[in-house]
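Student: This structure is in structure tokens; I'll ask about it shortly.
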Amino acid sequence: MFASAVTVLCFLGFCSLHPSFGQDCTNRQDIQGSLKQVQKLLSAHEASYLQSLRNLKKKINLLQSSTGKQASKPTNSTCPKLDTLTNGRKLGKSHSVGHEVHFLCEPGYELVGSESRVCQESLTWSGQQPSCRDINECASSPCLNGGTCVDEVNQFSCICAKGWAGVTCQSPLPTFFVTMTNTSAATSPDAAAATTLPAATAGPFVRPSRCSTVQGTTHCTCEPGYTISGRDSSICTDIDECELFHDGQAGRLCLHTCVNTAGGYRCTCPAGYNVTRDGRSCKDIDECATRQNNCTRDQTCINTYGGFQCVRVDCPKIPNATYVKTSPMRCERNPCPVDNKACSQTPNSFSYHYLAVVSNLSAPRVMFRVSALRPIGDTLRFSMLGGKQARRHFTVQRSDRLTGQLMLVSPVQGPATLEAEVEMSELERRVQLGRYITKVTMFVSQYEF
Ligand SMILES: [Ca+2]
Ligand SMILES: [Ca+2]
């Protein structure tokens, strides 16, 4: 309808702007008819416009009344303020109807009461006001040998019975020797008691504490590595660092063995290892480099983790062929007589390799690579020879056209010695040109370091 109204208005404009075309527009009746039509259209527009306005007015009224209702609601639609949680905290700030708040206790405390509360329509909170209760670390009776447990926030302490020390009173204190000055003193209990303390504090794991009294309160301190663990604050006992940091979060104190000493501790390593400079770790001793081995002249010393091996390569005895040692770790076949097919099918060479690895080495990993330097055939094949044990731990794969690799496929628990043989065969139009054997011996250490 709108489009047609525009057309009619254009037509009228055309008549008024171009009076020279008067003869075409002279028919008054036509003009009257057109004007009537336009009038009709305008009336229809006016009606629809008014209707739209009425609708808009209605909507505005509706909106006004609904917002008015909300505003007129009681402003006090929140629940009363909640008490703060001692040693805990409240999650959620809104106290309006339908909203929820949650409660959390600090470490070392447990929540008693409602974990969460909802602000109800009745403007009251659901559930009970919670509280944070100190967890009783003494509940599991951690103090040993008659020690008394004192519950503290997130921890406990033990008051040890006489003769015991340590965090959980687990360590016996060294026996105290009473020095008797004379026979008369021995018969007098008072005199004996008087001599007990200096003698008791003489042992290396027990030292006297240094005490000072400030404003009537006595404070006692110990030398580094010592602590007051008993009821008697005049005695300091050695801290057993090995026990205290056993399987600690920061890792073990020592890689191998921790030895507690008076006022400290030290790490020790198994035979064949030295303690590293940091005092914690163990480093293998290279017996081959330091001449701490007893290998003979015709043997080769192979350094292993935690020890060494003396190995001697003897060329294999195989029917139809003879081998000669061309280097300490390699044997090559002597030339075969012409047309001796049995000889030409035997391996051209045997190479020997020794690897030293630690126990439980993660797998899979490449242990060794065999490559053809100057291949003469058109094909190289790599395969594994050897027994069941070798097949359980190793596999041979091709890594590129000229290289095969010996892969460790499952970790080996040491101490162990594993052997694997990798065969590389060279072919030309499927005819074998040569076979080359590499024997790999792997010495697996007892420890994982
Ligand atoms: Ca110590
Ligand atoms: Ca070694």
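The values are calculated or read from the model by the stated rules, or taken from the named source; none is laboratory data. Keep in mind the model is a prediction, meaning the values are calculated, not measured. In this analysis, Cβ positions are derived from the backbone assuming ideal geometry, glycine residues included, and neighbour counts consider all displayed protein chains.
Student: Quick one: is ARG117 modelled with pLDDT of 85 or more, of a type in the set (D, E, K, R) and either closer than 30 Å to THR168 by Cα or loosely packed, with under 14 Cβ neighbours inside 10 Å (or both)?
Tutor: no
Student: Just need a number here: residues in the stretch 303-314 that are within 9 Å of ligand 2 (Cβ to nearest atom) and either of a type outside the set (Ser, Thr, Tyr) or in a strand (DSSP E or B) (or both).
Tutor: 5
Student: Here's something else I'd like to know. What number goes with the only condition from (1) within 16 Å of ligand 1 (Cβ to nearest atom); (2) within 24 Å of VAL150 (Cβ to Cβ); (3) out of contact with any helix residue (DSSP H, G or I) (no Cβ under 8 Å at 6 or more places or on another chain) that SER233 does not pass?
Tutor: Among (1) within 16 Å of ligand 1 (Cβ to nearest atom); (2) within 24 Å of VAL150 (Cβ to Cβ); (3) out of contact with any helix residue (DSSP H, G or I) (no Cβ under 8 Å at 6 or more places or on another chain), SER233 violates only (1).
Student: Please identify the pairs in which a residue from the stretch 197-217 that is under 10 Å from THR237 (Cβ atoms) has its Cβ atom under 8 Å from the Cβ atom of a residue that is at pLDDT below 80 and of a type outside the set (Gly, Ala, Ser), counting only partners at least 6 apart or on another chain.
Tutor: Close Cβ pairs satisfying both conditions: GLY203/PRO174; GLY203/PHE176; PHE205/LEU173; PHE205/PRO174; VAL206/LEU173; VAL206/PRO174; ARG207/THR201.
Student: For the stretch 239-262, does any single residue satisfy the condition of being within 16 Å of ligand 1 (Cβ to nearest atom), among the acidic types (Asp, Glu), in a strand (DSSP E or B) and surrounded by 13 or more Cβ atoms within 10 Å (Cβ to Cβ)?
Tutor: Looking for residues that are within 16 Å of ligand 1 (Cβ to nearest atom), among the acidic types (Asp, Glu), in a strand (DSSP E or B) and surrounded by 13 or more Cβ atoms within 10 Å (Cβ to Cβ), one finds none in the stretch 239-262, hence no.
Student: Scan the stretch 279-294 and give yes if some residue there is over 29 Å from ARG210 (Cβ atoms), within 28 Å of the chain's Cα centre (by Cα), away from ligand 2 (no atom under 16 Å from the Cβ) and not assigned by TED's automatic domain parsing to the domain that holds LEU433, otherwise no.
Tutor: yes
Condition check ((1) farther than 30 Å from ASP238 by Cα; (2) buried (at least 17 other Cβ atoms within 10 Å of the Cβ); (3) within 16 Å of ligand 1 (Cβ to nearest atom)) across all residues:
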| residue | (1), (2), (3) |
| --- | --- |
| ARG266 | no, no, yes |
| ASP278 | no, no, no |
| ASP286 | yes, no, no |
| GLN299 | yes, no, no |
| PHE308 | yes, yes, no |
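Student: Which of (1) under 40 Å from the mean Cα position of the chain (by Cα); (2) away from ligand 2 (no atom under 16 Å from the Cβ); (3) in contact (Cβ under 8 Å) with a residue 24 or more places away in the chain; (4) surrounded by 12 or more Cβ atoms within 10 Å (Cβ to Cβ) does PRO224 not meet, given it meets every other one?
Tutor: (4)
Student: Run down THR67, THR84 and say which single residue is among the hydroxyl-bearing types (Ser, Thr, Tyr), modelled with pLDDT of 50 or more and within 30 Å of GLN128 (Cβ to Cβ).
Tutor: Being among the hydroxyl-bearing types (Ser, Thr, Tyr), modelled with pLDDT of 50 or more and within 30 Å of GLN128 (Cβ to Cβ) holds for just one of THR67, THR84, which is THR84.
Student: Given the residues ILE302, ILE239, ILE235, which is the only one that is closer than 30 Å to ASN348 by Cβ and of a type in the set (Val, Ile, Thr)?
Tutor: ILE302
Student: Right, next: The conditions are (1) touching a Gly at 6+ places or on another chain (Cβ under 6 Å); (2) within 18 Å of LEU406 (Cα to Cα), and GLY306 fails exactly one of them. Which is it?
Tutor: GLY306 satisfies every listed condition except (2).
Student: Among the residues of the stretch 320-331, is any assigned to a loop (DSSP other than H, G, I, E, B), crowded, with 16+ Cβ neighbours inside 10 Å and away from ligand 1 (no atom under 16 Å from the Cβ)?
Tutor: no
Student: Applying the selection to the stretch 263-277, what residues are free of Cβ contacts under 8 Å to residues at least 24 places away in the same chain and either within 16 Å of ligand 2 (Cβ to nearest atom) or part of a strand (DSSP E or B) (or both)?
Tutor: ARG266, CYS267, THR268, CYS269, ASN274, VAL275, THR276
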